[in-house]
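The values are calculated or read from the model by the stated rules, or taken from the named source; none is laboratory data. This one's a predicted model, so the numbers in the text were calculated from it and none came from an experiment. Quick reminder, even Gly has a Cβ in these numbers, built from the backbone with ideal geometry, and neighbours come from all protein chains shown.
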Amino acid sequence: MPTRNRIDDFAYFTGAPLFNERLHVGRPNIGNRDGLMARINDILDSRWFTNNGRQVQEFERKLADYLGVKHCIAICNATIALEIVIRSLQLKGEVIVPSFTFVATPHSLQWQQIKPVFCDIDPSTHNIDPQHVESLINSLTTGILGVHVWGRPCPIEQLTDIARRHGLKLIFDAAHAFGCSYQGRMIGNFGDAEVFSFHATKFFNTFEGGAIATNNDDLAANIRLMKNFGFSGYDQVDFLGTNGKMTEVSAAMGLSSLESIDELMQAIRNNYQQYRRELAGIPGIHMVEYSEVDRCNHHYVVLEIDAETTGLDRDSLISLLHAENIFARRYFHPGCHRMEPYRSTDPDAGIALPHTERLTSRVLSLPTGTTVSRDDISAICKIIRLAVANGPELGDRMKRHPRQ
Ligand code: T4K
C-alpha cells in the first residue's frame, strides 16, 4: 500500500487519491453467505415471503435467546419500530430526547405530533445528560427516549430512577447497541422497550430491519398487533395499526449474521484496536473508548478533533480524507435541533445544548467493518498522523487553496 510522506503528496493538492475505490463508513458486513443462500432458496421454494413466516419466527426466537429478553419482535426498520413503541406506550405531548443522534430518533416522535424536547449530552460519554433531562420535565412530558450513542449504554440507572419518580415511560433507541451489554445484562432488557436497527450500515444487518425488545408481555402483544395493521384474527382488526413487518429474506440475512456474530465482533474489535494503537499519542485527537468490562460491538471508530491543539479543524481533516477516497462521516452533524422541522420551530434551541453544539463540530467516524483491511487502517492512520503533525501549515494552505 503506497503512503503519504509529505503534505505536498496529499490528494487534496495533487488530485490523485490514495485509494482507487471509496472506503466507506457503513459498508455492510455479510455473515454466513452459504447459509444465507440456502435460506433464500428455501424461501423461494416455499413461496412464503413475508407475514410472520418461518424465518421471522426463528429469527425472533434466536434474537430473544441471544439478548436474554422475553420478547423480541422483528420490524421492517428501526424508525417504524420506534414509532410503534411510542404509539403502543400511548406517549403524547412532549418526550425528552437527545439532539446528538440520527434524525430518525426525533422524527419518530414528531411524525406522531409529539414534540421532541432536545436534551444536552454529557461531553465525556456523548450520551443524554440525566440532570438536564430532569430539568426539562413539565406537565406535558410523557416519556424519555434515550439513545445508546456508539453502542455505549446511556446512564440507564439514573434515567430509570427519573422515569419512575415522574411517572414517565422510558424507551431506548439502541440502534447502535446490538451485541452490547450494561453491567452484565444485554442491551434490550432496559426501560419499557428498546429498539435495534439492523440497517445495512449497522454492524449486524438484515439489509433493512430492526427489532423491538421488551420484557413486558402486554406491550409485546400490543406491538405484535400494531405492526400488522391491528389484525387480531382473520378479518378482524381491533385498532389502528401499521405495516411494520420484516420480510423473510431480511430475517434470513439476520439468521446468517447471527450464526457468524462472534467472528464479526472479533474482526471489528481487531479493527478498533488497530486504530487505537496506530492513532495513539497524536495530540488533539481523542478516540472514543469502550468498556473493557461490558460487551460492546466496537462498530464506531469515532475521533474527537481538538482544532486548537491540532491546528486543523474537523472539516479540514474530513476534506483531506475525502480527497484520498476515505469517506469519513460527520455523525451527527449538525445536531437534530439544527435540522428541519426543528430548526424552524425553535431556532434558538442550541443555546440550551452547549455540549451538543461543541461536539457536532468536533467528531468524525472512520471506516471499519469486515471490508476494511489492516493495510487500509494503517494508511488511514498515517495520513491522519501526517496531517496533524503539519496541522497549522496544512490548515493555512487549505484555506488559501479551497477545493471545488
Ligand atoms: N436511531 C439511530 C441512532 C440511528 O443511527 C438510526 C439509523 C436509526 C435510529 C434509524 O434506523 P433505521 O430506520 O435506518 O433502521 C445511515 C443509515 O441509513 C441509517 O440507518 C443510520 N442510522 C445512519 C447513522 O446512517 P446515512 O444517511 O448516513 O446513509 P448513507 O446512504 O449516506 O450511507 C452511509 C454510508 O454507508 C455511505 O458512505 C455508504 C455506505 N453504504 C450504505 C448502504 C445503504 C454502503 O456501503 N452500502 C449500503 O448498502 O444514514
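Of (1) farther than 17 Å from Q274 by Cβ; (2) buried (at least 19 other Cβ atoms within 10 Å of the Cβ); (3) not polar (S, T, N, Q), H333 satisfies all except one. Which?
Evaluating H333 over (1) farther than 17 Å from Q274 by Cβ; (2) buried (at least 19 other Cβ atoms within 10 Å of the Cβ); (3) not polar (S, T, N, Q) leaves (2) as the failure.
Is it the case that some residue within segment 182-205 is surrounded by fewer than 24 Cβ atoms within 10 Å (Cβ to Cβ), among the β-branched types (V, I, T) and farther than 30 Å from V237 by Cα?
Yes, segment 182-205 contains at least one residue that is surrounded by fewer than 24 Cβ atoms within 10 Å (Cβ to Cβ), among the β-branched types (V, I, T) and farther than 30 Å from V237 by Cα.
Here are the criteria: (1) within 21 Å of F10 (Cβ to Cβ); (2) assigned to a loop (DSSP other than H, G, I, E, B); (3) within 25 Å of the chain's Cα centre (by Cα). Tell me which single one L312 does not satisfy.
(3)
Tell me whether segment 385-395 contains one or more residues that are surrounded by fewer than 18 Cβ atoms within 10 Å (Cβ to Cβ), basic (K, R), on the phi < 0 side of the Ramachandran plot and in contact with a Ser or Thr (Cβ under 6 Å, 6 or more places away or on another chain).
Looking through segment 385-395, none of the residues is surrounded by fewer than 18 Cβ atoms within 10 Å (Cβ to Cβ), basic (K, R), on the phi < 0 side of the Ramachandran plot and in contact with a Ser or Thr (Cβ under 6 Å, 6 or more places away or on another chain).
Taking E208 and the conditions (1) part of a loop (DSSP other than H, G, I, E, B); (2) surrounded by 24 or more Cβ atoms within 10 Å (Cβ to Cβ); (3) within 15 Å of the ligand (Cβ to nearest atom), which numbered condition does it fall short on, given that it satisfies the others?
Only one criterion is unmet by E208, namely (2).
Can you find, within segment 141-160, the residue that is farthest from I212 (Cα to Cα) among those that are β-branched (V, I, T) and within 13 Å of the ligand (Cβ to nearest atom)?
Of the residues in segment 141-160, the ones β-branched (V, I, T) are 141-142, 144, 147, 149, 156, 160.
Right, trim to within 13 Å of the ligand (Cβ to nearest atom) and you get 147, 149.
Details: V147: 14, V149: 17 Å.
Looking at residues that are β-branched (V, I, T) and within 13 Å of the ligand (Cβ to nearest atom), I get V149.
Do we have H333 as under 19 Å from S124 (Cα atoms), at pLDDT 95 or above and part of a helix (DSSP H, G or I) here? It would help to see each step written out before you state the result.
Working: under 19 Å from S124 (Cα atoms): yes; at pLDDT 95 or above: yes; part of a helix (DSSP H, G or I): no.
Here the answer is no, as H333 does not meet what is asked.
Could you tell me which residue of segment 161-197 is farthest from the ligand (Cβ to nearest atom), considering only residues that are within 15 Å of T101 (Cα to Cα) and not aliphatic (A, V, I, L, M)? Lay out the reasoning, then the answer.
Going residue by residue through segment 161-197, those that are within 15 Å of T101 (Cα to Cα) are 171-177, 195-197.
In the following step, the residues that additionally are not aliphatic (A, V, I, L, M) were identified as 172-173, 176, 196-197.
Working: F172: 10, D173: 5, H176: 6, F196: 8, S197: 3 Å.
Once the filter is applied, the top-ranked residue is F172.
Taking only segment 291-301 into account, find how many residues are over 18 Å from F204 (Cα atoms) and of a type outside the set (D, E).
Summing the residues that are over 18 Å from F204 (Cα atoms) and of a type outside the set (D, E) in segment 291-301 gives 2.
Pairs, please: C-beta under 7 Å, at least 6 apart or cross-chain, first residue over 23 Å from A175 (Cα atoms) and in segment 23-47, second away from the ligand (no atom under 15 Å from the Cβ) and not in a helix (DSSP H, G or I)?
Cβ pairs passing all conditions: I43/F49.
Evaluate the following for V237: is it β-branched (V, I, T), in contact with a Gly (Cβ under 9 Å, 6 or more places away or on another chain), surrounded by fewer than 19 Cβ atoms within 10 Å (Cβ to Cβ) and at pLDDT below 95?
Details: β-branched (V, I, T): yes; in contact with a Gly (Cβ under 9 Å, 6 or more places away or on another chain): yes; surrounded by fewer than 19 Cβ atoms within 10 Å (Cβ to Cβ): yes; at pLDDT below 95: no.
Against the criterion (β-branched (V, I, T), in contact with a Gly (Cβ under 9 Å, 6 or more places away or on another chain), surrounded by fewer than 19 Cβ atoms within 10 Å (Cβ to Cβ) and at pLDDT below 95), V237 does not qualify.
Select from segment 12-55 the residues that are in contact with a helix residue (DSSP H, G or I) (Cβ under 8 Å, 6 or more places away or on another chain) and within 16 Å of the ligand (Cβ to nearest atom) and write down the one among them that is farthest from V302 (Cα to Cα).
Top of the filtered list is L36.
Restricting attention to segment 383-398, does a residue exist that is within 16 Å of the ligand (Cβ to nearest atom) and either acidic (D, E) or in a loop (DSSP other than H, G, I, E, B) (or both)?
Residues of segment 383-398 within 16 Å of the ligand (Cβ to nearest atom): none.
Within segment 383-398, none of the residues are within 16 Å of the ligand (Cβ to nearest atom) and either acidic (D, E) or in a loop (DSSP other than H, G, I, E, B) (or both).
In segment 347-379, which residues are over 21 Å from the mean Cα position of the chain (by Cα) and either loosely packed, with under 15 Cβ neighbours inside 10 Å or free of Cβ contacts under 8 Å to residues at least 24 places away in the same chain (or both)?
P347, D348, G350, I351, P354, S373, R374, D375
Need the failing condition index for Q90 against (1) more than 23 Å from the chain's Cα centre (by Cα); (2) within 12 Å of the ligand (Cβ to nearest atom), just the number.
Status for Q90: all satisfied but (2).
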